[in-house]
Amino acid sequence: MNNGAPEFMIKLAIVRQKYRPDGGAERFVASALSALSQQNAEQPQQKAEQQQLDITVLTRQWQGIKNPSFHAEVCNPFKWGRVSRERGFARAVQKHFSSFDIVQSHERIPGCTIYRAGDGVHKCWLEHRSRITSEAQAKRMKNDRFHRYVMDAEKQMFEHPKLKAVICNSQMVKEEVCREFAIKPEIVHVIYNSVNQEKFNPALKQAEGLVVREALGIEADATAMLFVGSGFERKGLAATLEAIAVTKAHLIVVGKDKQEEKYQQQARDLGCAERVHFMGMQSDSSRFYGAADGFILPTIYDPFPNVILEAMASGLGVITSSSCGGAEIIEEGCNGYFCDALDIPTLSSAINAFTDKGHAESLGMMARETIKPFTSERLTNQLLSLYSQILNT
C-alpha cells in the first residue's frame, strides 16, 4: 500500500562494460543493486511521496544473476582495439543517458551522475608502474594512444558539470582525485567495500587450511604466506618472491597471469622454488586463507583490493604497500605491516615477523577486529544515503 501518496518513478542506470560475477567491481555493483532493490522494497511503506526506482544495467556482456528488481540492456558495438573498445562503449551508453534520471558509471564515461573510481586514477597508476619499467618503456606508456585516451576521458568525466558524486574505495584515491582534477572535494565520498565475514573467518585454519598445507607439504611449524591476485606485475609478485627468497617461509600464490612461467623461473633463479606453490586461478580461495599464517600483497598500485579484506576477515595479518589503499587500515605491528612496494629488505623483515606463531596469531586477531565494521549492511546504508542525497538535489 502507498497510503494514497503519488508515486514518482526514478530511472537509474548502472554502467559496467563487462560484468563478471567474480570481479571486485562487480561485487560492488551487486551491493549497489541490492541497496537499490532494498530501497524499492521499503519505499511503499513510507507515507510521504513515493519515489520508486526503475534500475537498468548497461553493459557489453552480462553474466549476472537474473533479478526481477532490475534488468540488463546490452550495448555491444563493434570493436577492433582497446581505444575502439572503450570509446565505442562510451558512445553507445551515452546515447541512453538522457533516458535516465541518474547514471552510476563504473567506467570512465563523461556525463554520468555518479562515478565509482574502483580503478583509481590512471595517471597515478602509470606513474607507479614507471618504477618497474625502463625509462624508454615509461615514455612509451605516457605517449601511448590508449593511455592518453583513458587520461583524457577521466579528466572530461571528473570535471563534467553533470557529475554529482564520486565513490572512492579508499582515502588514497579520494586524495588523488582531488589533487589531479578540478573537482569539489565535498562530492568525493569514501565508501569502503564489504566482506563476507561468515565465509572468510579464522575457523578456516582448523579445517580446509590444514588439508591444503598437508597437500603442499608445508610443515605445521613452517611459516606460510599467501599471495592472491591476478596480474602479477601490478600486484607485486616479483618483489614478493625476492623477499621470500631471503626467508625460510613458504609462499602460496593464487591467481593467474599470462607470464606465470616467468615468475616460476624467477623463483628457481632465487633458489626458493621448492617453497613457492603456484595454485593458478581458484573459484574459491577461502581454503588458502586458512592455510596461511599471513597475507602479502606489495602491489605497485591498487585502490583497495578485496583480497585484503578477505585475508583480515580470515584472521590473517597483512603485509602490503604504501601505494595500496588497504594500507590505511593497517596499524604497523598491530594487524600487519606496510612499506614501499619495492623495499625488499623491509618486506623480508615483515615476513620474518610471521615466523613467531604467537605474534602471527595476534596480528590475525587484530586484523579480524579491524575488519568487523566492513559489513554489507554498512555498505548498503552508505549507498542508500548517497543515493538519497542525489535524488533530492
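Rule-based calculations on the coordinates, nothing more; no lab input. Because the structure is a prediction, the values reported are computed rather than measured. Ideal geometry is used to build each Cβ from the backbone, glycine not excepted, and the neighbour counts take in all protein chains shown.
Okay, here's what the table says:
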item: Prolate/oblate/rounded label for the stretch 202-371 (Cα gyration tensor, a/c 1.5); result: rounded
item: Listed residues T247, S283, C324: farthest to the positive end of the dipole of the stretch 202-371 (Cβ charges); result: S283
item: Taking the stretch 202-371 and dividing mean pair separation by its residue count, relative contact order in percent (alpha carbons under 8 Å, at least six apart); result: 26 percent
item: Check: the stretch 202-371 dipole with +1 on Lys, Arg Cβ and -1 on Asp, Glu Cβ, in debye; result: 320 debye
item: Crossing angle, helix 260-270 versus the chain [Cα axis fit, 0-90 degrees, rounded to tens]; result: 30 degrees
item: Spin-label pair V211/N196, simplified geometry with 7 Å Cα→Cβ offset, distance in nm; result: 1.7 nm
item: Helix 82-94 axis, angle to the chain major axis (alpha carbon atoms, nearest 10°); result: 30 degrees
item: Nearest 10 degrees, 0 to 90: helix 344-353 Cα axis against the chain principal axis; result: 80 degrees
item: Furthest towards positive pole of dipole, V212, V195, G315, structure part the chain, Cβ charges; result: V195
item: Anisotropy class of the chain from Cα gyration tensor, a/c 1.5 cut; result: prolate
item: Relative contact order, percent, the stretch 225-283 [alpha-carbon distance under 8 Å, six or more residues apart]; result: 41 percent
item: Amide H within-cut-off set for V57, under 5 Å, with H built and near neighbours excluded; result: I14, H71, A72, E73
item: Protection-proxy order for peptides 375-386, 296-307, each taking the mean of Cβ atoms within 10 Å per residue, highest first; result: 296-307, 375-386
item: Estimated FRET transfer efficiency (A182, F78; beta-carbon r; R0 51 Å; 0.05); result: 0.90
item: Debye, to nearest 20: dipole size of the chain, +1 on Lys, Arg Cβ, -1 on Asp, Glu Cβ; result: 1560 debye
item: Chain lengthening between E233 and K162 when straightened (0.36 nm per residue, less Cα-Cα); result: 22.0 nm
item: Projected label distance in nm at D144 and D269, using a 7 Å step from Cα toward the beta-carbon; result: 2.2 nm
item: Ranked L316, L210, L58, L126, criterion: other C-beta atoms within 10 Å, fewest first; result: L210, L126, L58, L316
item: Percent RCO, i.e. relative contact order, over the chain, from Cα pairs under 8 Å lying at least 6 residues apart; result: 15 percent
